[in-house]
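Participant: My questions all concern the structure below.
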Amino acid sequence: MKIRTTVICFVLPLAFLSGCKKSSTPETSEAKPAASSPAPAAPAQAASAPAAAPGGADAGASTEAAAKMAAADWAMKQDEIKNDPNGEWAFQVTASSVYNDAQGTAAYSANQAAGAPNVDAYGDNGAAWAPKTPDGGIEWLDLKYPKPVYATEVRVRESCGSGAVIKVEVFDEKGGAHSVWQGNDPTKELNYLMVKFPKTAFKTDRVKVTLATNVVPGWNEIDAVQLVGTDQ
Ligand SMILES: [Ca+2]
């Protein structure tokens, strides 16, 4: 599994909008998150880069510059979230199912969704949790956090087959589940699903993330889940 995984890491960024595969295909791509789609991709960036002259070689150069800026923005955002003083990472995770029935902290195990994010590129990666089957339907992660907080946000870092989360719940002190989000997950590539909600009236140290893995074909993997909140 380890060898396959290494190979796949370089290949899978190809699987942009659809899911991830766990088989290697000998194609190449330099794809980096958010920076890769070439042609009609960047209206937002174009608007924010008014300096470039239209047409000709300048257009190519400005597209490249826009892609670099988008990649830099992405990296800064990742760093900001990773170091958010109000954010914490899970220390213990259980799951509805696990790829290869991996236990403990083995590759793809539920506990690969514990701790800070450690997947660097979109695609299949044993440093993220993967369910037992790619498109089986309902799957979930149940995450425990070190410090109970009045929560305001949950950030789910999706690293493969992004877009399959359908529900996020937090739990009160008595173990009661409170749904804080339910809907259509817009996440693409290696990014966070950011679920913001009014500050909870109770302290929570437990989050449940539910996926419908059949809505995004291929493997759906979660790298990490951050709980954001305060003491008061
Ligand atoms: Ca991870």
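Participant: If Rh is defined by the Kirkwood formula over all Cα pairs and Rg also comes from Cα, what ratio Rg/Rh do you get for the range 83-160? Please report the intermediate quantities before stating the final value.
Facilitator: Numbers: Rg = 12.8 Å, Rh = 13.2 Å.
Radius of gyration relative to Kirkwood radius: 0.97.
Participant: I would also like to ask the following. Within a Cβ distance under 14 Å of N111, other residues only, what is the Lys/Arg minus Asp/Glu net charge?
Facilitator: On the way: positive: K144; negative: D101, D142, E221, D223.
Cβ neighbours under 14 Å give a net charge of -3.
Participant: Can you compute 3J(HN,Hα) from phi for each residue in the range 111-128, using the Karplus curve 6.51 cos²θ - 1.76 cosθ + 1.60 with θ = phi - 60°, rounded to whole Hz and x for Gly and Pro?
Facilitator: These are the phi-based 3J(HN,Hα) values: 5, 6, 8, 7, x, 5, x, 9, 9, 9, 9, 4, x, 4, 7, x, 7, 10 Hz.
Participant: First check a/c for the range 87-230, with a ≥ b ≥ c the square roots of the eigenvalues of its C-alpha gyration tensor; if it is under 1.5, answer rounded, and if not, answer prolate when a/b is larger than b/c or oblate otherwise. The partial results should precede the final answer.
Facilitator: On the way: a/c = 1.68, a/b = 1.45, b/c = 1.16.
Prolate, because a/c is 1.5 or more and a/b exceeds b/c.
Participant: How far, in nm, would the chain grow between A75 and T230 when pulled straight, counting 0.36 nm per residue and subtracting the alpha carbon separation? Let's see the in-between values first.
Facilitator: Values: separation 155, 0.36 × 155 = 55.80 nm, distance 2.53 nm.
Going from the current span to full extension adds 53.3 nm.
Participant: Additional query: Take K82 and K188, extend 7 Å from each Cα along the Cα→Cβ direction, and tell me the distance between the two endpoints in nm.
Facilitator: Here the answer is 2.4 nm between the modelled labels.
Participant: Once phi is turned into ³J(HN,Hα) by the Karplus curve 6.51 cos²θ - 1.76 cosθ + 1.60 with θ = phi - 60°, what whole-Hz value does each residue of the range 169-177 show in order, with x for glycine and proline?
Facilitator: Karplus values, whole Hz, x for Gly and Pro: 10, 10, 10, 7, 4, 8, x, x, 8.
Each value in this text was obtained by applying a stated rule to the coordinates, not by laboratory testing. Just so you know, these numbers come straight off a predicted model, no measurement behind them. With ideal geometry, Cβ positions are generated from the backbone for all residues, glycine too; neighbour counts draw on all protein chains shown.
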